[in-house]
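The values are calculated or read from the model by the stated rules, or taken from the named source; none is laboratory data. The model shown is predicted, which means the values in this text are computed figures rather than measured ones. Note: ideal-geometry Cβ built from the backbone for every residue, glycine included; neighbour counts use all protein chains shown.
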Amino acid sequence: MYSQDAGDMNPTQTPSALGERLRALPEPTPPSAGWAAMQARMDRQTRQRRHRFAAGFAMAASLLVAVALLWLALPPGEIIESPPQSELARLIGESGVLERELAAARPRVVVWDSRREARVEALQRDLTLVDVQLNHVDAGHQPGQAEALWQRRVALMSQLVNLHEAATPHAVPVAYRVARVD
């Protein structure tokens with residue numbers, strides 16, 4: 001691009017001389033069709049964005065129409081219900097809810113008395129034993145035994161949650177007195 005010979009490269013050249021040489025360079029000229037090409041590319045990208053938005057909007061609208069048609073096709077008063085849940089599935093779901101409640105209540109407990117602490121430890125031991133038994137029972141071949149274990153687990157979890165909630169300090173309203181500064 002630039003031709004330099006050994007005489008042009010002077011390491012002791014002052015910054016002002018370099019500036020003068022840079023100012024002496026010819027003004028660059030843009031390509032004659034550069035602005036038109038850039039405008040065409042920007043217009044093409046804008047059209048592509050609009051088409052993507054329109055396609056997404058059309059898809060959402062068609063989905064809404066399909067759902068509305070299905071809803072209108074149902075006779076009045078007919079409700080589609082999910083199949084009834086088995087007792088075992090209900091117990092497993094309830095156990096999950098209790099797990100989340102216990103996880104939320106544990107950090108709020110500040111102080112235990114020794115009696116409550118002993119009760120919680122006993123419940124935890126029993127819960128661990130039930131969990132071990134649940135890991136070894138085959139619910140497909142022994143549904144009665146699995147259901148009984150899940151009932152026991154829900155009862156233990158419920159007792160644990162109740163103990164933790166009872167030990168949680170409840171917010172007590174505090175009356176504030178505003179001091180007047182004169």
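Quick test for you: out of Q151, Q124, Q145, pick the one residue that is part of a helix (DSSP H, G or I), free of Cβ contacts under 8 Å to residues at least 24 places away in the same chain and of a type in the set (S, T, N, Q).
Details: Q151 fails: free of Cβ contacts under 8 Å to residues at least 24 places away in the same chain; Q124 fails: free of Cβ contacts under 8 Å to residues at least 24 places away in the same chain.
Among Q151, Q124, Q145, only Q145 is part of a helix (DSSP H, G or I), free of Cβ contacts under 8 Å to residues at least 24 places away in the same chain and of a type in the set (S, T, N, Q).
Out of L163, L156, which single residue is modelled with pLDDT of 85 or more, aliphatic (A, V, I, L, M), surrounded by 11 or more Cβ atoms within 10 Å (Cβ to Cβ) and closer than 23 Å to A89 by Cα? Walk me through it before giving the result.
Values: L163 fails: closer than 23 Å to A89 by Cα.
Step by step, each of L163, L156 is checked, and only L156 is modelled with pLDDT of 85 or more, aliphatic (A, V, I, L, M), surrounded by 11 or more Cβ atoms within 10 Å (Cβ to Cβ) and closer than 23 Å to A89 by Cα.
Conditions tested, residue by residue: (1) closer than 23 Å to A148 by Cβ; (2) among the small types (G, A, S); (3) not assigned by TED's automatic domain parsing to the domain that holds G144.
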position: V97; (1), (2), (3): yes, no, no
position: R108; (1), (2), (3): no, no, no
position: W112; (1), (2), (3): no, no, no
position: A118; (1), (2), (3): no, yes, no
position: L123; (1), (2), (3): yes, no, no
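Taking the conditions exactly as written (assigned to a helix (DSSP H, G or I), among the β-branched types (V, I, T) and either touching a Phe, Trp or Tyr at 6+ places or on another chain (Cβ under 6 Å) or modelled with pLDDT of 80 or more (or both)), does T46 satisfy them or not?
Numbers: assigned to a helix (DSSP H, G or I): yes; among the β-branched types (V, I, T): yes; either touching a Phe, Trp or Tyr at 6+ places or on another chain (Cβ under 6 Å) or modelled with pLDDT of 80 or more (or both): yes.
It is true that T46 is assigned to a helix (DSSP H, G or I), among the β-branched types (V, I, T) and either touching a Phe, Trp or Tyr at 6+ places or on another chain (Cβ under 6 Å) or modelled with pLDDT of 80 or more (or both).
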*Members of the stretch 88-104 that are of a type in the set (D, E, K, R) and within 14 Å of L156 (Cβ to Cβ)*: E94, E99, E101
*Restrict the check to the stretch 103-115 and report whether at least one residue is surrounded by 15 or more Cβ atoms within 10 Å (Cβ to Cβ), out of contact with any Phe, Trp or Tyr (no Cβ under 8 Å at 6 or more places or on another chain) and at pLDDT 85 or above.*
no
